[in-house]
Structures are given as structure tokens and as C-alpha cells.
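Written below as C-alpha cells is the structure these notes are about.
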Amino acid sequence: MAEDKKRDWDFAGIAGGYEKYLVPVLSMWTEPLFEKTDLENGEDVLDFACGTGSVIRTLTDHLDAPGRLVGLDVEPAMLDVARSRAKQLPVDVQWHQADAADMPFADESFDVAYCQQGLQFMDDSVAALSEAHRVLRPNGRLALSVWSHLDDSPHYAVLTEALQNHIGDRAAAAMRAPFDALSSPGKLRRCIESAGFRGIDVEGVTHRISYPGAEEFFRREIVSWLADAVGDLSDRSRKAIVTDLQQGLQRYIDADGLEVPMRALVARGTK
Ligand SMILES: C[S@@+](CC[C@H](N)C(=O)[O-])C[C@H]1O[C@@H](n2cnc3c(N)ncnc32)[C@H](O)[C@@H]1O
């Protein structure tokens, strides 16, 4: 299972497409992370599994005098995009390449830790949260998001089925994995609790996501995260998948394109 996750979720080749198409979607759930932690100027912040750095960039729109800002990710290509985008920021950010289960930071060095849509990709999410707990100061706050169950995001449910039917098990499993691992509030809460956090709160937050159409939704998925799992795609399979998407998502499609609900779980905890 752990090996499969690594193989199917190789973020190395997709950082550019990820930044262009997925970051605007994920960012819709960034605000609640700040709300749940009452972030203030001067506080030291860690964003682990930071990807291309969008949480830290958004944070600098909110605070004029943040404390130390640190992003950590295991994937160098994602950090390259993060570093490049951060050059435009009015503050310095430190970027570290490391596994979240083994953070290169001293005990009690941060006031707040964030993890946006990262935990479900990790081999050992409790180990990563335990590290976050270790590096937070007493009463430090954690906020994170993961996707809710696949059925709460119909475009991904229909796409998973289409991948299963027209490509096979591996592509469907890759698509399903991030909507599976921690997608129930109870499971997520237990995971955060096991790492030593208290005062845990888990909330489901739904947004509507717009795409120019079903075909463009599929194209964006390929270039922003699915390319490796899908492999070489024949014209015939591509057309069959798009037809399944158009039929399965009919009720969400009109003259303006595809507009579909998507649900994330947003959680907080205190050290
Ligand atoms: C879906 S992306 C989310 C990135 C970012 N938080 C955002 O909101 O755009 C998941 C990220 O988790 C990172 N990741 C996966 N396993 C990790 C681990 N064990 N330690 C650190 N980062 C990890 C991946 O490299 C990838 O950048």
C-alpha cells in the first residue's frame, strides 16, 4: 500500500501543472486554516507538505509582519516552484526538503503548523503529526485539510469509475487513494489524537468548483497529477472517459460549463 502510494503519486513531473490548475482549487480551503488557528503577526509558522507553497503565499496576504515562515516538502520539484514563486513575496521564507515524518527542526520551534491536502499522501500520517506536535511550542496550534469521501466530490467519483472501466485498477486506485485514506471525520480525529493533540475539531467544508467542461476537467487532471498513473492514453480511451464524464455529470453541466461540489475536512488541534 505504502509503495503503491509512492509510485502513483510521484509529484516530481507535475509541479508546473499542479501549480496552474490544482492550487487555485485547493486554495478555496486555505482561509479556514487561518480562521481555526487565529494566526497573529510575529508567530512562527510551519507548513508541512507545502507543495508549491500556496499556503505561505496566502498567509503573507493576511499578515504584514509574520514571524519565521518555513515550508517543508519531500519533493524537490514542488519546492523549486515554491522558491521561484516566493521571490515575489515581501518576506523571507525558508524551504526544506525532508520527510514530514522526520522534520529537521528543534523541539518547540513553531507557534502554528499547517498541512493542506498533504497528510493523505504520506506513508505514516501519525508519524508526521507526531513530528508536528514535537516541533510546536506548548499550546501551539495545528490546522490541516484532507479530502472528504469520494462520494462528496461527484466529478472525482465519476472519473474514478471511468478510469477503472477504460484504463484499469492502477489508475483507479491512484485516483481513489487521496479520497480514501483519512476521509471520515472519525478516522481523521483519531489520527490527530494519536499524535498527542487535544481540543480537536473536524469540520466538513463544501465549495463549488467550475471548469469550462468535462473534457477540460479531465485534461487538467492529467497535467496536474494523474499523468503517471494513467500512462499512455489512447485516443479511444480518452474519448470513452470524456463521454462517461459528460453522461455521469450531466446534472452539473450547462451552457457555462461544469460546476460541481467538492468537500474537504478541515481540522484543528492544540498541543
Ligand atoms: C496535494 S499536494 C499539497 C501541497 C500543498 N500543501 C498545497 O496545498 O498545494 C501533496 C504534497 O505532499 C507532499 N508529500 C507527500 N508525502 C510527504 C511526506 N512524507 N513528507 C513531506 N511531504 C510529503 C508531496 O510532495 C506534495 O507536494
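The values are calculated or read from the model by the stated rules, or taken from the named source; none is laboratory data. In this text the structure is predicted, and so the values were computed from the model without any measurement. Glycine gets a Cβ as well: all are built from the backbone with ideal geometry, and neighbour counts include every protein chain shown.
Answer yes or no: is there a residue in segment 111-122 that is surrounded by 16 or more Cβ atoms within 10 Å (Cβ to Cβ) and on the phi > 0 side of the Ramachandran plot. There is at least one residue in segment 111-122 that is surrounded by 16 or more Cβ atoms within 10 Å (Cβ to Cβ) and on the phi > 0 side of the Ramachandran plot. Say whether the condition of being surrounded by fewer than 21 Cβ atoms within 10 Å (Cβ to Cβ) and either of a type in the set (Phe, Trp, Tyr) or farther than 19 Å from Trp225 by Cα (or both) is met by at least one residue in segment 70-82. Among the residues of segment 70-82, not one is surrounded by fewer than 21 Cβ atoms within 10 Å (Cβ to Cβ) and either of a type in the set (Phe, Trp, Tyr) or farther than 19 Å from Trp225 by Cα (or both), which makes the answer no.
Restrict the check to segment 229-237 and report whether at least one residue is touching a Lys or Arg at 6+ places or on another chain (Cβ under 8 Å), surrounded by 17 or more Cβ atoms within 10 Å (Cβ to Cβ) and at pLDDT below 90. Yes, segment 229-237 has at least one match. Considering (1) crowded, with 22+ Cβ neighbours inside 10 Å; (2) at pLDDT 95 or above; (3) of a type outside the set (Phe, Trp, Tyr), the lone condition that Met175 does not fulfil carries the number (2). The residues of segment 79-112 that are without any contact (Cβ under 8 Å) to a residue 60 or more places away in the chain and among the small types (Gly, Ala, Ser), listed by number, are Ala82, Ser84, Ala86, Ala98, Ala100, Ala101, Ala106. Inside segment 95-141, residues that are under 20 Å from the mean Cα position of the chain (by Cα) and in a strand (DSSP E or B) make up a count of 9.
Scanning segment 183-198 for residues that are in contact with a Phe, Trp or Tyr (Cβ under 9 Å, 6 or more places away or on another chain), of a type in the set (S, T, N, Q) and surrounded by 19 or more Cβ atoms within 10 Å (Cβ to Cβ) turns up at least one hit. Note on segment 205-251: among residues that are hydroxyl-bearing (Ser, Thr, Tyr) and either within 16 Å of the ligand (Cβ to nearest atom) or assigned to a loop (DSSP other than H, G, I, E, B) (or both), the one that is farthest from the chain's Cα centre (by Cα) is Ser234. Of the listed requirements (1) within 9 Å of the ligand (Cβ to nearest atom); (2) on the phi > 0 side of the Ramachandran plot, Asp38 misses just one: (1). Filtering segment 83-100 to residues that are closer than 15 Å to Glu131 by Cβ and surrounded by 17 or more Cβ atoms within 10 Å (Cβ to Cβ) leaves Asp99, Ala100.
Taken together, Ala128, Ala113, Ala100, Ala77 contain a single residue that is in contact with a helix residue (DSSP H, G or I) (Cβ under 6 Å, 6 or more places away or on another chain), within 9 Å of the ligand (Cβ to nearest atom) and more than 30 Å from Ala214 (Cα to Cα), which is Ala100.
The condition (being in contact with a Leu (Cβ under 8 Å, 6 or more places away or on another chain) and within 11 Å of the ligand (Cβ to nearest atom)) is satisfied by just one residue among Val55, Val45: Val55.
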